[in-house]
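**Student:** Got a structure for you, written out below as structure tokens; questions coming shortly.
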Amino acid sequence: DGKTLLVTTTDLSDGMWSVSKGTLSPPRMRTHLRDAARDVFHPVHARDGSMAAVMTHTSRPTRRTSIQVFDPNSSEPPREVLEADDTQLLTLAISARLDEVLYASSSMDVMRGTLNVASIEGDPTPRVLISDTARYVDAAWSPDGEMLAWISDASGHMEAYVAPYGPEGLGQVQ
């Protein structure tokens, strides 16, 4: 919606990461998502503000990450879409129009991974869009969902890439 911010914050009393929601005008922030057993971070929200996704992380008793989806305008709890042991699932973008979340998947403590997409509704089986490992740091779908832009170091330097996007995956990368 262009007015809502989602940011990662740290609770100084327990060191846990959470997601706060707020606005710049008027300047106001409040904790929106918190999990006593997991760090919650890297929030992304849909262009229309109707949904958002976060990555959660825990290291005890096992190292596990998940992608959770939620309505930032509601107090309803988030819904887990994907979960993995010993794999980092870094949220990059979410599309309300396509009901999909885009994320990078990599081994823990390794910033280079693959670019993947999963359905938010229905079968969340991940689809690998780019299997060549790189560091993926940001992404966005076009308003109609037919183009995907992302930033990665696939060339050895951080660069922006754009490609047509559809049910079969990515078209010619530019």
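The values are calculated or read from the model by the stated rules, or taken from the named source; none is laboratory data. Source: prediction; values computed, not measured. Methodologically, a virtual Cβ is constructed for each residue, glycine included, from the backbone with ideal geometry; neighbour enumeration extends over all protein chains shown. We work out accessible area using only protein heavy atoms, side chains counted, and drop any ligands, DNA or RNA first. Shrake-Rupley method; radii C 1.70, N 1.55, O 1.52, S 1.80 Å.
**Student:** When only Cα pairs under 8 Å and 6 or more residues apart are kept, what is the percent relative contact order across the chain?
**Tutor:** 11
**Student:** List the extent of the Cα atoms of the stretch 12-73 along each of their three principal axes, largest first, rounded to whole Å.
**Tutor:** 40, 26, 14
**Student:** Normalise the Cα radius of gyration of the chain by 2.2 N^0.38 Å (N = residues in it) and let me know the number.
**Tutor:** Working it through for the chain, the quotient is 1.02.
**Student:** Using C-alpha positions alone, give me the convex hull volume of the stretch 5-46 per residue in cubic angstrom.
**Tutor:** 68
**Student:** Against the globular-protein guess of 2.2 N^0.38 Å, express the Cα radius of gyration of the stretch 124-174 as a ratio, rounded to two decimals.
**Tutor:** For the stretch 124-174, the normalised Cα radius of gyration comes out at 1.12.
**Student:** What trypsin sites (Lys or Arg not before Pro) in the stretch 42-140 are in a loop by DSSP, with at most 16 other Cβ atoms within 10 Å of the Cβ?
**Tutor:** 63, 97, 112, 135
**Student:** Length gain on complete extension for the stretch residue 108 to residue 86, per 0.36 nm per residue less the alpha carbon to alpha carbon distance?
**Tutor:** In short, 7.4 nm is gained.
**Student:** Would you mind telling me the share, in percent, of accessible area of the chain contributed by carbon and sulfur at probe 1.4 angstrom?
**Tutor:** Reported share for carbon and sulfur atoms: 51 percent.
**Student:** Sticking with this one: Using only protein heavy atoms and a 1.4 Å probe, report how much of residue 165 is accessible, in Å² to the nearest 10.
**Tutor:** Only protein atoms counted, so the area is about 20 Å².
**Student:** List the GluC sites (Glu not before Pro) within the stretch 125-172 that DSSP assigns to loop and that have no more than 11 neighbouring Cβ atoms inside 10 Å.
**Tutor:** Within the stretch 125-172, the qualifying GluC sites (Glu not before Pro) (loop, at most 11 other Cβ atoms within 10 Å) are 168.
**Student:** Hey, what D do you get for the stretch 88-174 in µm²/s if you plug the Kirkwood alpha-carbon radius into Stokes-Einstein at 10 °C and 1.306 mPa s?
**Tutor:** Answer from the Stokes-Einstein relation: 123 µm²/s.
**Student:** Still on this structure, I have one more. With every protein chain left in place, what is the accessible area per residue of the stretch 45-156 in square angstrom, probe 1.4 Å?
**Tutor:** 47
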